[in-house]
Amino acid sequence: MNTRQFFYLSLLSVATSAILIVSCQNKETEAVLEEGSFKLIQTQIFDKSCATSGCHASEQDASFKQHGLILTSNVSYDNLFNKLPKNSAAKTDSLRLVMPGNVAKSFLFTKLNCSAASLLSGKQYGNPMPLGANGLSVGEIEFIRKWIEAGAPRSGGSVDASLITNSVPLCGSTFGSTFTALEPPKASEGLQLHLEPFEVANTYERELFIRKPVGNTTELYINRIQSRMRPGSHHFILYDFKSLANLPAMGQVRDLRNADGTSNLLTFLSMQNHIFWAGTQTQEHDYSFPEGIALRIPPDYSFDFNSHYVNKTAGKIPGEVYVNLYKIDKAKVKIVANSLNLANESLNLPAGQRIVATKTFKFNKATKVLMLTSHNHKLGEKFVIKIVGGARNGEIVYESTDWEHPLIKNFPQALEFKAGEGLMSEITYNNTTNKTVRFGLTSEDEMGIIFGYYYEQ
């Protein structure tokens, strides 16, 4: 065999191998595309990005109490089709997890659409999913859209299956690549706070605190709070302090957890001096007080910045937060809003028992409540707030099952109370220890506190 013959034979062999490889790949692709539309959503999206350990795979997942949704193949369709979401804001807006034929009313689509982050501002729908990982591609989100529009059938290939193979990222080529800093307000309108980029290790959750100055030399009255966070953020909170004595060192990063996953006791203890001032669980947030109502910030003040990030990717990601505080002149302030701090300090939780602890708090004057959130420790399974007295007596206005990251619920229409009416905390505790647990400041103690915004009429 001469050199020329060998060359052509080698070329033919390479070409034949390439054809066989492409043929096999095409057959595999065709086999996938022959599945029904929902089966494709299950195998190509849910199984890979959602029904994973720690997310929507099991009732034993840490986040299950918060979302209440399992997306494994045996139950996902029944758990989605025309079902109410657990998110209270979405429920109030009459959304369903999947509303057949109506994408705008399908919570699943909203949560999976990473490009909708700005649309979620002020909705309290939570962050786009999957949290802490790459979002869906252009093809995947369009496939889900068309499936819902087609009536969300359980079986049948109602959607062009080739869409799902379009792998162009909807929100950038890498996780967090599309982030743009929040434009600061004009100096005459307000100021910007910035939590500088920090590292979140691969497949890790990081929650940290750092006390930072506001940068104001005179008192400020704030009537609008706007924030933006890099993708992967679970929440961000600005905390005020019950006592201004023995504050954490300025600028010191205090992680909630040590490298081995254990709690940092000193950080935990510093949290017991916190009062909620502002915060959100959405990537984009923009909250305005009613006209003439504002929060006051004393001169030369500081807040404790609290940021929690989730990274489920194989590489490191940055966390970063911007907050804009918009001010109004003191002359335009008719009412200074205050922070609620309603604590049940009479807790007595017997060893090895699950109990419901309640406490009623009545207002001495006519009061309007603008926001509610909660605080308890790890033994708390469910925190419910009810109205006490008046025409709405017994009505549930708040419910949270995530003690570490409780719901922050804003009320566009303030809850109105007459003198003598009020709120009741109803908290389910499961004391799995072998000793009685009472109210206290350590991680081995418990708490039950209603935080919020209010003003007296």
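The values are calculated or read from the model by the stated rules, or taken from the named source; none is laboratory data. Computed from a predicted model, the values in this text were never measured in an experiment. A quick note on method: Cβ atoms are made from the backbone with ideal geometry, for glycine too, and the neighbour counts reach across all protein chains shown.
Computed values, structure above
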{"quantity": "Candidates 236, 198, filtered to the one that is buried (at least 20 other Cβ atoms within 10 Å of the Cβ), in contact (Cβ under 8 Å) with a residue 24 or more places away in the chain and of a type in the set (Phe, Trp, Tyr)", "calculated": "236"}
{"quantity": "Selection from the range 60-72 of residues that are modelled with pLDDT of 90 or more and not in a loop (DSSP other than H, G, I, E, B)", "calculated": "none"}
{"quantity": "Any pair with Cβ under 6 angstrom, 6 or more apart, that starts in the range 342-355 at a residue that is assigned by TED's automatic domain parsing to the domain that holds residue 387 and under 28 Å from residue 371 (Cα atoms) and ends at one that is of a type in the set (Asp, Glu) and in a strand (DSSP E or B)", "calculated": "347/446"}
{"quantity": "Candidate set from the range 306-340 (those that are under 25 Å from the mean Cα position of the chain (by Cα) and β-branched (Val, Ile, Thr)); member that is farthest from residue 453 (Cα to Cα)", "calculated": "313"}
{"quantity": "Total residues in the range 276-305, condition at pLDDT 95 or above and either more than 21 Å from the chain's Cα centre (by Cα) or among the aromatic types (Phe, Trp, Tyr) (or both)", "calculated": "11"}
{"quantity": "Count of the range 425-442 residues which are over 18 Å from residue 401 (Cβ atoms) and surrounded by 15 or more Cβ atoms within 10 Å (Cβ to Cβ)", "calculated": "2"}
{"quantity": "Residues satisfying the stated conditions in the range 443-453, i.e. surrounded by fewer than 20 Cβ atoms within 10 Å (Cβ to Cβ) and either of a type in the set (Asp, Glu) or modelled with pLDDT of 90 or more (or both)", "calculated": "444, 445"}
{"quantity": "Test set (1) modelled with pLDDT under 95; (2) touching a His at 6+ places or on another chain (Cβ under 7 Å) - residue 317 fails condition number", "calculated": "(2)"}
{"quantity": "Boolean, residue 228 is in contact with a strand residue (DSSP E or B) (Cβ under 8 Å, 6 or more places away or on another chain), at pLDDT below 95 and among the basic types (Lys, Arg)", "calculated": "yes"}
{"quantity": "Strands (runs of 3 or more DSSP E) wholly inside the range 306-419 containing at least 1 residues that are of a type in the set (Val, Ile, Thr)", "calculated": "317-327, 354-362, 367-376, 380-388, 396-400"}
{"quantity": "Near pairs, Cβ below 6 angstrom, 6+ apart or cross-chain, from the range 35-52 (modelled with pLDDT of 85 or more) to any residue that is β-branched (Val, Ile, Thr) and buried (at least 21 other Cβ atoms within 10 Å of the Cβ)", "calculated": "37/159; 40/164; 44/164"}
{"quantity": "From 300, 255, 304, residue being crowded, with 19+ Cβ neighbours inside 10 Å and not assigned by TED's automatic domain parsing to the domain that holds residue 113", "calculated": "304"}
{"quantity": "Residue 369 being buried (at least 20 other Cβ atoms within 10 Å of the Cβ) and modelled with pLDDT of 85 or more", "calculated": "yes"}
{"quantity": "Residue in the range 202-239 that is farthest from residue 275 (Cα to Cα), counting only those that are of a type in the set (A, V, I, L, M) and in a strand (DSSP E or B)", "calculated": "229"}
{"quantity": "Top-ranked residue in the range 73-92 [being touching a residue at least 24 places away in the same chain (Cβ under 8 Å) and part of a loop (DSSP other than H, G, I, E, B); ranked as surrounded by the fewest Cβ atoms within 10 Å (Cβ to Cβ)]", "calculated": "73"}
{"quantity": "Answer from 158, 188, 162 - the residue that is among the hydroxyl-bearing types (Ser, Thr, Tyr), more than 22 Å from residue 314 (Cβ to Cβ), at pLDDT 90 or above and not in a strand (DSSP E or B)", "calculated": "188"}
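So that you can scan it fast, the table gives a plain yes or no per residue for (1) assigned by TED's automatic domain parsing to the domain that holds residue 425; (2) not hydroxyl-bearing (Ser, Thr, Tyr):
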| position | (1), (2) |
| --- | --- |
| 295 | no, yes |
| 309 | no, no |
| 320 | no, yes |
| 364 | yes, yes |
| 367 | yes, no |
| 371 | yes, yes |
| 400 | yes, no |
| 406 | yes, yes |
